[in-house]
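In what follows, a single structure is set out as structure tokens and then discussed.
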Amino acid sequence: MADDFPKTPLIDELEKGPWPSFVTEIKMAAKDNAAPKDLLGLLEQSYDEKICHWKHGGIVGVLGYGGGVIGRYNDLPEKYPNISHFHTMRINQPSGWYYSTEALRKVCNIWEKHGSGLTNMHGSTGDIILLGCTTDELEPTFQDLAKEGFDIGGSGSDVRTPSCCLGKSRCEWACYDTMAACYDFTQEFQDEIHRPAFPYKFKFKFSGCPNDCVASIARSDMSIIGTWRDDIRMDKDAITDYASNGMDIQKDVVDLCPGKCIDWDGKELSIDNSSCLHCMHCINAMPKALRPGTDTGACILLGSKAPIIEGAFLSSVLIPFIKMEPPYQEIKDLVEEMWDLWCEEGKNRERIGEFIQRMGMGNFLEEIGVEPVAEMVAHPRENPYVFYEEYYEEDDEEEDGD
Amino acid sequence: MADMLSIDEVADIMYEMVKEATGMRKLKPMDLTKNLIEGYGEKVDKKLCKNAIRKLIESERCVYTYFGGSYIELPHREGAAND
């Protein structure tokens, strides 16, 4: 079998070095499946010619769903017949990416039966990515996965598969149950995940604390990031231990605080919590001494995206603090309001962040019925985007009086 | 209040819209909904349109497609398909 392998001197370079190599993995899969062998040949040819031989998108999918399958065909089907169709399936991952080995084995067995056997664990949205399926095998793969409790995720102009950090299951900083919220939103918006109805994609990501381990502030249209609104908890004895064990608290904690709200006199640490920016730096630096407060919830931010039409955006604050308690109805109602407006007025392929930038944050807030607050200002000294009508009315009255 | 159209009636109207647009422009689900609301006013609403689209797709009279965005089209052989 190995003698049949195409010669791949260029991509063989990617096997060198101490890192895991996808080329090595494809070669392993090629021992039992013809598709990965053709894939090696096509990849080598692309590296040689500096030409992509894939076309993506199109019609393929499973019955009733408009997302979750990304059609791929190569433009050299005679030369590489085993990957002439090489569709990608996105499978909704469990919250927090927790699997039993039994569940993983089932996914892999199904995929070796129907597809190339190649997986990407996980894609940037968080899904299990099954790489390389023929059109005929899409529906049988879907049916077999469904029997084992797995469903297809999102793709195209729909809600992408929501993802979350592992939250309270393992992390002491989690300010709300991210896994429960992620699962709840996934169930609530099944229709929006499977049936694309938006101008473009919409992503939810749930982070338990401002460390934001799933990078929701950069990678989701709606970032739901755990936070607290009372005071940082302090263990004074533990602070003393850090100092006596050689930590330079002034240099490593106080001087790096972006809110400049911490004082250290060599014996005692004090925090002006009203100026705290909740960046988590001090807590990360002294995890045994400092902890988030106990009045916890989440901050909801909106609008991040990777660069496609416009440049990259980070999310900015929409709701500074909200308690995260099931059934999360207040947030869901807000989401529906935003979607209605975006669907009505959004342009094709316009993310909600771009939409807000085009129509103006003040107009957007007015349309969705959210009052502007100071926390929504994205940058210090940014020009205000909200015109308070009551002040205009007062001015008008004064002018009329004159 | 005007009598609402049935899901089947809305699905039929949408199907005709997709058929007429074929070859000229691709329609997104929201285009269908907006056109229906514009043309039939209080006889339709967003929820009814959403259910009608689902019916169109599940009956296989129309399919979702993706060409830089998601559209609803008549089933057809894809140009790039390697059959």
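What is the dipole size for chain A, taken about its Cα centre, with +1 at each Lys and Arg Cβ and -1 at each Asp and Glu Cβ, in debye to the nearest 20?
Magnitude of the dipole: close to 2800 debye.
Treating cross-link reach as a plain straight distance, find the lysines whose alpha-carbon is under 16 Å from the alpha-carbon of A:K31, omitting any fewer than eight places away in the same chain.
In chain and number order, the partners are A:K7, A:K113.
On average, how many beta carbons from a partner chain sit within 10 Å of the beta carbon of a residue in A:63-70?
The shielding value for this peptide is 4.
Once the piece of chain linking A:D237 and A:D136 is laid out straight, how much longer is it, given 0.36 nm per residue of separation minus the C-alpha distance between them?
29.8 nm
For a Förster distance of 60 Å, can you work out the FRET efficiency between the beta-carbons of B:F67 and A:D263, rounded to the nearest 0.05?
Efficiency, from the Cβ-Cβ distance: 0.55.
Tell me which lysines have Cα within less than 16 Å of A:K203's Cα, excluding those fewer than 8 residues away on the same chain?
By straight Cα distance, A:K203 reaches A:K305, A:K332.
Which of the listed residues, A:W97, A:M286, A:C343, is farthest toward the dipole's positive end in the protein assembly as shown, when Lys, Arg count +1 and Asp, Glu count -1 at the beta-carbon?
The listed residue farthest towards the positive side: A:W97.
Is there a simple number for the mean count of other chain Cβ atoms within 10 Å of the Cβ of residues in B:29-39, and what is it?
Average neighbour count from other chains, rounded to a whole number: 2.
Which shape class applies to the protein assembly as shown: rounded if a/c is under 1.5, otherwise prolate when a/b exceeds b/c and oblate if not, where a ≥ b ≥ c are the square roots of the Cα gyration tensor eigenvalues?
Judged from the Cα gyration tensor, the protein assembly as shown comes out oblate (a/c at least 1.5, b/c at or above a/b).
Counting only other residues whose beta carbon sits under 14 Å from that of A:R219, what net charge do I get with K and R as +1, D and E as -1?
After counting each charged neighbour, the total is +3.
At 7 Å along the Cα-to-beta-carbon direction for both B:K47 and A:K16, put a label point, then send me their distance in nm to one decimal.
The modelled label-to-label distance comes out at 6.4 nm.
Exactly which chymotrypsin sites (Phe, Trp or Tyr not before Pro) in region A:87-116 are in a DSSP loop and have at most 13 other Cβ atoms within 10 Å?
Qualifying residues, ordered by number: A:Y98.
Can you give me the Cα centroid spacing of region B:4-37 and region A:71-106 in angstrom?
33 Å
In whole Hz and in residue order, list the ³J(HN,Hα) couplings for region A:87-92 that follow from phi through the Karplus curve 6.51 cos²θ - 1.76 cosθ + 1.60, θ = phi - 60°; x for Gly and Pro.
Along region A:87-92, the couplings run 6, 9, 10, 9, 10, 4 Hz.
Among A:T178, A:L131, A:S155, which residue has its Cα positioned farthest towards the positive end of the charge dipole of the protein assembly as shown, with +1 placed on the Cβ of Lys and Arg, -1 on the Cβ of Asp and Glu, and the dipole taken about the Cα centre?
Of the candidates, A:L131 comes out farthest on the positive side.
So if I place +1 on the C-beta of Lys and Arg and -1 on the C-beta of Asp and Glu, and nothing else carries charge, what would the dipole magnitude of region B:7-76 be about its Cα centre? I want it in debye, nearest 20.
The calculation lands at about 280 debye.
Taking the Cβ of A:Q93 as the centre, find all other residues whose Cβ is under 12 Å away and add up their charges (Lys, Arg: +1; Asp, Glu: -1).
Spelling it out: positives minus negatives among the neighbours equals 0.
How do the peptides A:196-206, A:310-320, A:30-40, A:58-68 rank, highest first, by the average count of neighbouring beta carbon atoms within 10 Å per residue?
Descending packing order for the listed peptides: A:196-206, A:58-68, A:30-40, A:310-320.
Quick one: which residues, 5 or more positions from B:K26 or on another chain, have an amide H under 5 Å from its amide H? H modelled 1.01 Å from N in the peptide plane, none for Pro or chain starts.
none
Give me the dipole magnitude in Debye, nearest 20, for region A:259-308 about the Cα centre, with unit charges on the beta carbon: positive for Lys and Arg, negative for Asp and Glu.
Using Cβ point charges on Lys, Arg, Asp and Glu, region A:259-308 gives about 280 debye.
Throughout, read-outs are computed from the coordinates displayed, never taken from laboratory work. In this text, all values refer to a predicted model and were calculated from it rather than measured experimentally. So basically every Cβ, Gly included, is an ideal-geometry build from the backbone, and we count neighbours across all protein chains shown.
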